Every structure is written in structure tokens, then in C-alpha cells.
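The structure under discussion appears below in the form of C-alpha cells.
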Amino acid sequence: MTADRSAAAIAAIRINGVDCPVPADPRMSLLDLLRETLHLHGTKKGCNQGACGACTVLVDGERIVSCLSLAVQHAGRSVTTIEGLADQHGLHPLQQAFIEHDGFQCGYCTPGQICSAVGMAAELKRGVPSHVTQDLASDHVAFSPDEVRERMSGNLCRCGAHNGIIDAISETYAEAAE
Amino acid sequence: MSIAEEAKLAVRGAIQGVMEKAIELAPDSWMPGGKPDSLIATKHGSIGASVPRIDSPLKVQGKAPFAAEFELPGMVYAALMFSTVAKGRIATLDTAQAEAAPGVVLVMTHRNAPRMESMPVFLSAEKAGGGDNLPIMQDDRIHWNGQPIAVVLAETQEQADYAVALIRASYEQDAATTSFATAKRKGTEPGLFMGQPLKTEKGSADAAFKASAAKVEATYTTPRHNHNAIEPHAATVAWDGDRLIVHDASQAVAHTAWSLGKIFGISEQQVHVTSPFVGGGFGGKCLWQHQVLGAAAAKLAGRPVRIALSREGVYRLIGGRTLTEQRLAIGADQDGRFNAIIHSGTVATTRQNGMPEPFILPTMSSYGSPNIKLDVEVVYLDMLANTFMRAPGESVGTFALESAIDELAVSLGIDPVELRILNQPSEDPLKGTPFSSRHITEAWRAGAEKFGWSKRSAPGTVRDGEWQIGIGCATATYPYHRMPGGAARITLTRDGYARVEIAAHEMGMGTATAHTQVVADRLGLSRDQVTFAYGDSLMPGVVLAGGSQQTASIGASVIAAHHVLIKELLKLAGNDSPLAGLGTDEVGTLNGGLAKLDDPSRHESYVSILTRSGRDHVAVEGSASAPLETMHWSMHSFGALFCEIGVNSVTGETRVRRFLGSYDCGRILNPKTAASQFRGGIIMGLGLALMEETQFDDRNGRVMNPSLAEYHVPVHLDVPPIDVIWTDIPDPRAPMGARGIGEIGITGVGAAVANAVFNATGKRVRDLPLTLDKLM
């Protein structure tokens with residue numbers, strides 16, 4: 001968070017570049033704010049208890065499950081959802097790779113998988129270790145299928161598109177990581 | 001069962017038997033598929049191309065609308081309260097606090113719910129789609145632990161969830177039967193499927209088994225499972241006068257519309273069910289009580305309702321696969337040729353539905369044996385109605401059958417692949433009908449070669465550090481089905497574009513993509529000239545997305561509509577056309593128009609025919625032929641599965657290292673989406689093998705793990721790269737030469753994994769899932 005936030009920015013949540021007012025009901029999750037108030041249905045509700053990852057969004061570039069986070073906590077922060085990934089030039093490269101590798105079937109877990117993978121790639125780049133990282137002391141974590149599979153294990157897929165998802169992520173981020 | 005009922009069943013069985021015999025003996029040419037679909041011969045069209053999903057740009061951007069994403073003006077949100085006892089009646093139900101809570105619009109209970117009929121239970125009529133036939137909030141009776149007893153409607157979901165927590169209920173409990181073991185001790189009853197007992201015998205299996213030189217006999221058990229589609233069940237419901245509109249997550253829109261009409265006493269035309277996208281189905285996304293409760297509450301409140309089940313709600317309201325206890329006995333001679341197969345056992349079900357998990361199905365067609373005995377017995381429990389889940393019967397039945405074959409191979413010292421090939425039948429093992437197309441042996445050979453099966457070692461002899469390594473194999477199997485009721489509408493416009501409409505479903509199978517390819521080839525158009533519309537009960541056809549039959553049903557429906565289209569176009573073409581004087585049998589569709597079959601130079605384009613006749617468009621409807629081909633031929637898909645696993649010798653943990661499926665499923669319409677369906681089935685099979693179990697409290701009938709944190713499904717780290725290959729040999733009797741592939745993927749996987757575990761450790765586990773405690 002930056003130090004010089006104005007009062008107006010504190011009262012608002014920046015979502016895909018647009019300021020949105022903080023909801024009056026403090027019980028409202030970030031997920032319900034997105035889906036029910038802002039009609040951004042791309043972020044999905046699969047379990048509403050943090051077990052499936054379908055609601056993953058990026059908050060200031062880090063991935064979180066939006067169902068386990070109250071909307072009011074995010075005043076002054078910047079949220080990117082699946083609707084915010086494509087730009088005027090077209091789809092995000094990872095979205096394109098998901099199409100090419102058939103990284104989904106029903107498409108319900110897909111926005112969460114894609115947002116999660118964007119956040120995960122940044123974690124790898126920062127050298128954040130995971131359960132399968134061999135050298136915990138190193139600043140550098142090598143990109144590998146096992147690292148990706150471990151780090152994406154919080155995003156469930158029931159149609160069984162796992163191979164395509166990992167291939168799409170690897171194609172998009174493996175070279176950049178070298 | 002009473003004597004009268006038994007007599008009725010016997011008569012019905014006899015009539016069916018005569019019909020079946022007549023269809024078996026009729027000439028091939030009388031049957032659908034008697035003359036193979038002309039598309040089977042086309043080689044350079046759209047069929048067979050790896051086309052990316054038509055809906056993929058929508059899905060990767062989160063723009064595909066699901067049931068809980070329809071916005072209706074004035075819409076309110078529903079929350080449900082569930083009973084906490086299995087049987088009895090509601091003694092007190094205090095809703096005052098909930099009614100007074102902020103934002104609450106309505107609290108509906110049995111005291112104020114509108115009068116409704118029970119759901120017509122699935123398979124009780126052509127379009128019946130209900131998961132149970134119990135009264136829905138019509139009285140104070142409780143039938144299962146988790147039954148909805150109150151619906152709260154409020155302006156926001158948060159307000160509804162809060163208010164439902166303020167309702168207080170107490171119960172007068174009746175004695176309930178919730179323990180499988182207790183129920184079994186009291187005696188079992190024959191399992192009935194669509195009125196017919198799941199019981200068959202050929203020869204004298206018991207005597208033949210006893211007399212066999214080699215024998216294996218064991219009991220295999222499988223637990224309850226839940227579908228766990230990532231999209232929880234949801235419906236957005238509104239009344240427009242006496243018309244009911246339901247935006248549903250459904251694999252059965254026509255069934256749902258008809259059944260809701262029956263429940264609310266209106267015609268099926270007054271019910272409009274849409275389901276453009278379904279976030280996974282697997283047999284679970286049919287009609288259950290939540291759509292009915294949502295519609296009833298919307299009627300009572302006079303407001304549109306969004307009823308989206310919580311994940312716990314899915315476990316309480318939507319049935320899953322029931323448990324099975326199977327006895328599998330194989331008798332063989334010393335060379336391994338089977339003399340007797342006995343597959344029998346017991347499953348749990350309920351009085352309010354009709355679904356005894358038919359685990360004997362794979363044994364009906366996989367292997368030849370002069371003596372076969374099959375029997376499914378049931379016990380009735382006071383529990384949530386169980387239901388269909390991906391490959392009902394085969395998914396769990398293959399675990400017993402394919403494990404037992406592995407055990408026989410071990411005891412005889414025969415390669416399990418060779419044992420399976422040795423016992424291939426030359427005709428349907430029970431009915432004696434010819435196979436339409438059966439190339440399982442080719443699939444075995446190709447799979448074994450690619451996997452490196454010949455490198456297999458003796459059990460317990462391969463190690464990689466603390467990991468014990470093993471490989472195993474099993475057969476996958478699923479029949480070709482086509483259900484009655486298919487119909488489609490084709491609209492051809494003057495600019496040369498075609499739109500096909502059919503009340504079918506897209507749950508991720510790639511329906512719209514594959515059938516855009518098929519329709520393009522059938523009409524001689526390019527894919528971008530074809531629109532495939534589906535997921536709407538106002539469209540023609542009763543097309544269940546189940547039984548892996550949707551592709552065949554759509555294919556046959558479009559074939560029928562295509563015939564009508566040719567007839568109509570010939571009429572419009574008239575005498576000034578190069579086609580003048582030709583009959584419908586002499587003409588086909590080619591290059592965006594009609595052409596004489598044996599002289600393609602006699603051709604006129606759709607654009608020209610419609611322009612000359614002054615028509616803006618032509619619209620036709622066709623109804624699929626009755627699916628007699630399944631009675632005339634034995635039609636089945638098969639697969640050869642290979643699995644390499646490691647079992648940790650310290651922790652007992654099992655990791656799947658490699659998996660290969662080699663399938664014989666007829667022609668593959670789209671290799672990209674087909675490979676995903678095979679892999680998806682295999683991965684659900686890995687879950688069945690290693691971790692999945694709906695835990696059920698035998699004392700009170702309550703599901704104990706109603707969450708994705710406690711019910712484990714395979715995650716990314718559990719899934720190795722999965723190799724999938726296929727024979728791609730068209731089935732001459734199936735539309736497009738294609739047999740459905742939605743369910744075969746899950747079959748056989750449990751046994752392939754268990755057999756690999758045996759090869760790694762020498763331990764035989766006959767109780768799923770194969771958790772580490774069973775390998776310590």
C-alpha cells in the first residue's frame with residue numbers, strides 16, 4: 001500500500017482500474033461484492049470456504065481467494081479480476097495459452113486458475129519457495145512442472161483439465177523464468 | 001414384492017423379451033445404422049480436426065453466463081435450512097426471529113408452501129427428471145438427514161444466510177435405518193432397474209466355478225462418492241403470470257421443464273428452462289428439490305429468486321453415488337480360459353428413487369464365458385436419494401472385475417494383458433448378438449507397446465529410493481447408448497448460413513464445438529457458416545446429457561432433420577434446377593448446396609435455391625429414429641489402461657507416476673476435446689482409486705464431510721501427465737461412426753491403480769479408496 005492515499009481512495013476499492021465504493025454491509029465478502037454488486041461474474045463461487053480456488057483474484061498483484069476476504073478490508077487496494085486481464089490488444093497470453101492447450105472443459109474453475117497462475121508466476125519470480133522446492137535457502141526457484149503443479153494445487157478442477165492447465169502455464173512462463 | 005407385482009413384471013419381461021428377439025433377428029437393413037452414416041466415409045471434412053472450443057474466448061474471460069449469473073429485476077436470494085435427523089417429524093419450527101431479521105422477504109416452510117405434486121422420479125416416464133418422489137415441504141415429515149425444512153428469501157445473500165441461522169427446529173424422531181450392515185442383516189431385496197431385476201444367469205455358474213481348475217473369489221467394496229462439480233447447483237427463477245422461467249444448471253432441460261410442469265400443475269410449454277453453460281455435471285445436475293423450492297418461494301413472494309446452493313447444500317440435497325459390496329468369482333482352466341464368472345453383491349438405495357448402482361454392467365460385455373451369473377441386491381436406507389454419477393455401474397463394477405482378473409493372472413502366472421485378450425468373446429457374451437465394432441485387442445497391443453508394458457517386473461522388486469514402484473493394467477468399458485426422443489430443427493437462410501437447434505447440453509464436453517463440425521460436414525458448409533444452439537427447453541428434442549449418449553442422439557436427430565431439409569429444398573428447387581427430377585435418395589449435400597450423389601456436377605447452392613424460390617429461409621424439423629440398433633447389435637466401447645505408481649515404503653502414500661489410456665470408441669470427432677474428456681474421466685478415476693469418499697455417519701445418516709476441504713478430489717500435484725491414444729475405427733452402426741466418450745474414462749482406473757499397487761508392494765487392496773493406512 002502506498003502512503004499518500006487520499007481519503008476518497010481509502011473509501012474506495014480500485015477494481016480493474018475503476019474505483020468502487022466499499023459496501024455498507026461489513027459481512028459482504030470481496031467475492032459477493034464482485035459478483036452481486038458489481039455484476040463481475042467472471043470470478044466464480046465454488047465453495048465459499050477457501051477450498052476450491054474458483055474465486056481467486058489478484059490484490060495488489062498477489063493472489064487471494066476472494067470468498068475468505070471481506071470487501072471492506074480492501075479499501076484503498078487494487079483488485080484485478082479475470083475481466084481485467086485482457087487489454088485493448090486482446091487476450092492475456094495466458095488466456096490464449098489456455099485455449100490452445102484446452103486447459104478447461106466446463107470453464108467454471110478457469111478464471112480462478114488463470115488469476116492464480118498469474119499470481120503464482122510472480123511468486124516464482126520473487127523466489128518464494130514451495131513445499132517441493134529443494135533448496136529453501138536460495139533466492140532463485142527454478143521453474144519446473146512440479147513447482148507449478150504444487151503451487152496450483154489450491155485451484156481444483158473437476159473436469160480434469162489438469163494437464164492442459166499446466167502445459168498452458170508452462171508455455172507462458174517457463175521461458176520468462178529462465 | 002407381492003405376487004401380483006411379480007406376475008406383472010414377468011409379463012412385461014416376456015413381452016420385452018419377444019420384442020428384443022424380433023429386433024435381434026430382423027435384417028440389418030431395417031435397423032438404424034443398417035446403412036452406415038454417409039459421413040463415416042468422408043475423410044477431408046471438419047470431423048476429426050482438433051478445433052479449439054467454440055466457447056473458449058468466453059470461458060477464459062469469465063464471460064460465459066452460468067445459472068447463478070442471470071440478473072432479474074427485483075430478484076431476492078434464497079438460503080436453506082436442513083433437518084438434522086434422518087426420520088420423524090418436525091415438532092417445533094420457530095421462524096419469528098428470522099421473519100423479523102433485516103432484509104427478509106419470506107420464510108417458507110411446510111406451513112405456508114404452495115401445494116405441489118412430488119417430482120416425477122427419473123425413468124418413471126419419458127421426461128421424468130426428479131431425483132426423488134417425496135413430498136416437498138408439504139407436511140412435517142422428515143425423510144433424510146439434511147432434508148430442507150425452511151427457505152428464507154432476503155434482499156441479499158448475507159441477509160438470507162443470517163436469517164436462516166435464527167430459525168429453531170425440534171424433532172420427534174422415528175427409528176431410522178441408516179446402517180448398511182444392520183440393513184443387510186435384516187435381508188436384501190432384488191435390485192430393480194426400470195422395473196426389471198438386475199439379475200441374469202447363463203449356464204450354471206456356481207457348478208462351473210466349483211469344478212474349475214483355477215479359481216479366484218473375493219469381496220470388493222467401494223464407498224459413496226459425490227460428483228463435486230466446481231459450480232454448485234443453482235437456479236435463477238421467475239414467474240411471469242402462470243409461466244415459469246428457470247435459468248438452471250442442467251443436463252436435462254426438457255426433462256426439467258416437463259417435470260416442473262407436473263409439479264406445479266401447468267403444461268410443459270408454460271415452463272421455460274435455459275442452461276447455456278453448466279459448470280460440470282457428471283450425472284448430478286438434474287432436477288432436485290432446490291429448483292422446486294426456488295420456484296415455490298418465487299410464487300409465494302411474487303419476486304424472482306436466485307437459489308444457489310452452498311457447497312454443504314450440495315451434499316445435503318443432491319444425491320451421489322452409493323456404496324457397493326461386490327463378490328467377484330472367476331473360474332478358469334489352467335490356460336486361463338474362463339469357465340465361470342460370478343458377479344454379485346449388495347448396494348444401498350432408498351425407497352424414494354430407483355437407482356440400484358448396477359455394478360454388474362461391465363461383466364455383461366467384457367469377457368466370454370460359458371457360465372455367467374450376475375445379481376445386484378439392495379437394502380433400503382433412510383438417506384438422501386442416491387443417483388447416477390459418471391459411468392454408474394461400470395466405474396465401480398470394473399474395480400471388482402478387473403482386480404479379480406489381475407488376481408487370476410497372478411495365480412496362473414499369465415501376463416494380465418494376455419489373459420484379457422485370451423478371453424475376448426466373439427459375440428455378445430449374454431445375448432449372442434454380433435458386435436457392431438470391437439477392436440479392444442488392437443487397443444491393448446498399441447497401449448502395451450507405447451507404455452512399455454513388457455518391462456514389467458515381479459511384484460515388490462522395483463525400488464526408487466524409499467518408493468516401491470509398480471505397474472498395472474485394466475480394461476475400461478462403456479456401452480453405446482442412444483435414448484428415444486431426439487429431435488432437431490435446421491434453419492437455412494438465404495445467405496447460406498445454417499442454424500441447428502436442439503435441447504442438448506454443454507457441461508464442458510465440447511458439444512457445441514464437435515457438433516458444429518459435424519453439421520458443417522453434413523450440410524457441406526464451413527464451420528463459420530454453422531451455428532449450433534442448445535440448452536433451451538423450447539428447442540426440439542428430449543436429449544439427456546447422460547449415458548454418454550448425447551453425441552449419438554444429436555447425430556441421429558440432425559440426420560433426420562437433414563432428410564427433411566433435402567426434401568424441402570428439392571421442392572423449392574423445382575424444375576428449373578440442375579436437380580430437377582431427382583428424388584431425395586439420389587441427392588446429397590455438397591459444397592453449400594445439393595448435388596446428385598453419383599454426378600456432383602448436377603449441383604445447386606442453397607443460396608441459389610432460396611433466392612430463386614423467393615425464400616428468406618427454410619426451417620425443418622426431424623425426429624430421430626427409435627434406437628433399435630442397440631438391440632440388434634452389441635455396441636460397446638473399450639479401453640486398455642496402464643498405470644505406473646510409486647508407494648512410499650515409509651508413509652504408505654501412493655503417487656501415480658504415469659498413466660496411459662488406449663481406447664476403442666469408434667471415430668473421434670475432435671481429438672482436442674476428446675483427449676480432454678478421456679483425461680478428465682481418468683483423473684476422476686484416480687480420485688476414486690486413491691482418495692474419494694463421501695463419509696456417512698451410520699448412526700444418524702448424516703454426511704460427515706460436506707466440503708471440498710474434507711472430501712478430497714485430485715489436485716494438480718496428484719495428476720501426472722496422462723497419455724491418451726485411440727484406434728479411431730468408425731463404428732458402422734453409430735451416427736458419424738462415433739460412440740460416446742464421456743464416461744468410459746473413469747472406468748477401469750480404480751483397478752489399474754490397485755493392480756499397480758499390488759505389483760509395487762505385493763499387497764492386494766480390495767477396499768476403495770486406496771488410502772495410505774491400507775498400505776502401512
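The values are calculated or read from the model by the stated rules, or taken from the named source; none is laboratory data. Quick caveat: nothing in here was measured; it's all calculated off a predicted structure. Quick reminder, even Gly has a Cβ in these numbers, built from the backbone with ideal geometry, and neighbours come from all protein chains shown. Accessible surface areas use protein heavy atoms only, side chains included; no ligands, DNA or RNA. Shrake-Rupley method; radii C 1.70, N 1.55, O 1.52, S 1.80 Å.
Counting only residues that are in contact with a Leu (Cβ under 7 Å, 6 or more places away or on another chain) and not in a loop (DSSP other than H, G, I, E, B), which one in segment B:360-374 is most open to solvent (accessible area, probe 1.4 Å)?
The selected residue is B:Met364.
Residue under question is B:Thr651, and the condition is that it be in contact (Cβ under 8 Å) with a residue 24 or more places away in the chain, more than 14 Å from every other protein chain (Cβ to nearest Cβ) and not in a loop (DSSP other than H, G, I, E, B); does it hold?
Values: in contact (Cβ under 8 Å) with a residue 24 or more places away in the chain: yes; more than 14 Å from every other protein chain (Cβ to nearest Cβ): yes; not in a loop (DSSP other than H, G, I, E, B): no.
When the stated conditions are applied, B:Thr651 does not pass them.
For every residue, the table says whether it meets (1) assigned to a helix (DSSP H, G or I); (2) open to solvent by 10 Å² or more (accessible area, probe 1.4 Å); (3) farther than 30 Å from B:Gly486 by Cβ.
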residue: B:Leu686; (1), (2), (3): yes, no, yes
residue: B:Met736; (1), (2), (3): yes, no, no
residue: B:Asn755; (1), (2), (3): yes, no, yes
residue: B:Met776; (1), (2), (3): no, yes, yes
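Among the residues of segment B:85-100, are any within 13 Å of chain A (Cβ to nearest Cβ), touching a strand residue (DSSP E or B) at 6+ places or on another chain (Cβ under 8 Å), in contact (Cβ under 8 Å) with a residue 40 or more places away in the chain and not hydroxyl-bearing (Ser, Thr, Tyr)? Spell out the reasoning first.
Here is the first cut: in segment B:85-100, the residues within 13 Å of chain A (Cβ to nearest Cβ) are none.
No, the conditions are met nowhere in segment B:85-100.
List the pairs whose first member sits in segment B:209-230 and is under 23 Å from B:Leu317 (Cβ atoms) and part of a loop (DSSP other than H, G, I, E, B), whose second member is at pLDDT 95 or above and among the polar types (S, T, N, Q), and whose Cβ atoms are under 7 Å apart, counting only residues at least 6 apart or on separate chains?
What qualifies is B:Pro223/B:Thr694; B:Arg224/B:Thr322; B:Arg224/B:Thr694; B:Asn226/B:Thr694.
For segment B:71-89, what are the residues that are crowded, with 21+ Cβ neighbours inside 10 Å and over 19 Å from A:Asn48 (Cβ atoms)?
B:Ser83, B:Val85, B:Ala86, B:Lys87
So B:Thr236 ticks every box in (1) surrounded by fewer than 17 Cβ atoms within 10 Å (Cβ to Cβ); (2) assigned to a strand (DSSP E or B); (3) not aliphatic (A, V, I, L, M) but one. Which box is left unticked?
Among (1) surrounded by fewer than 17 Cβ atoms within 10 Å (Cβ to Cβ); (2) assigned to a strand (DSSP E or B); (3) not aliphatic (A, V, I, L, M), B:Thr236 violates only (1).
Here are some conditions: (1) of a type in the set (Asp, Glu); (2) more than 14 Å from chain A (Cβ to nearest Cβ); (3) open to solvent by 10 Å² or more (accessible area, probe 1.4 Å). B:Asp132 meets all but one. Which one does it not meet?
(3)
Would you call A:Val57 farther than 30 Å from B:Gly510 by Cβ and either crowded, with 17+ Cβ neighbours inside 10 Å or within 11 Å of chain B (Cβ to nearest Cβ) (or both)? Explain how you work it out, then say what you get.
Numbers: farther than 30 Å from B:Gly510 by Cβ: no; either crowded, with 17+ Cβ neighbours inside 10 Å or within 11 Å of chain B (Cβ to nearest Cβ) (or both): yes.
When the stated conditions are applied, A:Val57 does not pass them.
Okay, residues lined up against (1) open to solvent by 50 Å² or more (accessible area, probe 1.4 Å); (2) hydroxyl-bearing (Ser, Thr, Tyr); (3) more than 30 Å from B:Glu604 (Cα to Cα):
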{"position": "B:Ser454", "(1), (2), (3)": "yes, yes, yes"}
{"position": "B:Thr475", "(1), (2), (3)": "no, yes, yes"}
{"position": "B:Ile490", "(1), (2), (3)": "no, no, no"}
{"position": "B:Ala504", "(1), (2), (3)": "no, no, yes"}
{"position": "B:Gly508", "(1), (2), (3)": "no, no, yes"}
{"position": "B:Thr513", "(1), (2), (3)": "no, yes, no"}
{"position": "B:Ala520", "(1), (2), (3)": "no, no, no"}
{"position": "B:Leu525", "(1), (2), (3)": "no, no, no"}
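Regarding segment B:171-178, can at least one residue be identified that is assigned to a strand (DSSP E or B), under 30 Å from B:Pro102 (Cα atoms) and open to solvent by 40 Å² or more (accessible area, probe 1.4 Å)? Walk me through it before giving the result.
As a first pass, look at segment B:171-178 and keep what is assigned to a strand (DSSP E or B): B:171-173.
Add one more test, that the residue is under 30 Å from B:Pro102 (Cα atoms), and what stays is B:171.
Among the residues that remain, those that are also open to solvent by 40 Å² or more (accessible area, probe 1.4 Å) are: B:171.
Yes, because at least one residue in segment B:171-178 is assigned to a strand (DSSP E or B), under 30 Å from B:Pro102 (Cα atoms) and open to solvent by 40 Å² or more (accessible area, probe 1.4 Å).
Test A:Gln96 against the criterion of being in a helix (DSSP H, G or I), open to solvent by 20 Å² or more (accessible area, probe 1.4 Å) and either of a type in the set (Val, Ile, Thr) or within 11 Å of chain B (Cβ to nearest Cβ) (or both), and give yes or no. Quick ask: steps written out before the conclusion?
Details: in a helix (DSSP H, G or I): yes; open to solvent by 20 Å² or more (accessible area, probe 1.4 Å): yes; either of a type in the set (Val, Ile, Thr) or within 11 Å of chain B (Cβ to nearest Cβ) (or both): yes.
In short, yes.
Given the conditions (1) surrounded by fewer than 24 Cβ atoms within 10 Å (Cβ to Cβ); (2) closer than 25 Å to B:Thr511 by Cα; (3) of a type in the set (Gly, Ala, Ser), report the number of the one that B:Ser310 does not fulfil.
(2)
For residues in segment B:111-135 being assigned to a loop (DSSP other than H, G, I, E, B) and aliphatic (A, V, I, L, M), which is nearest to B:Lys299 (Cα to Cα)?
Step by step, filter segment B:111-135, then rank; the result is B:Ala113.
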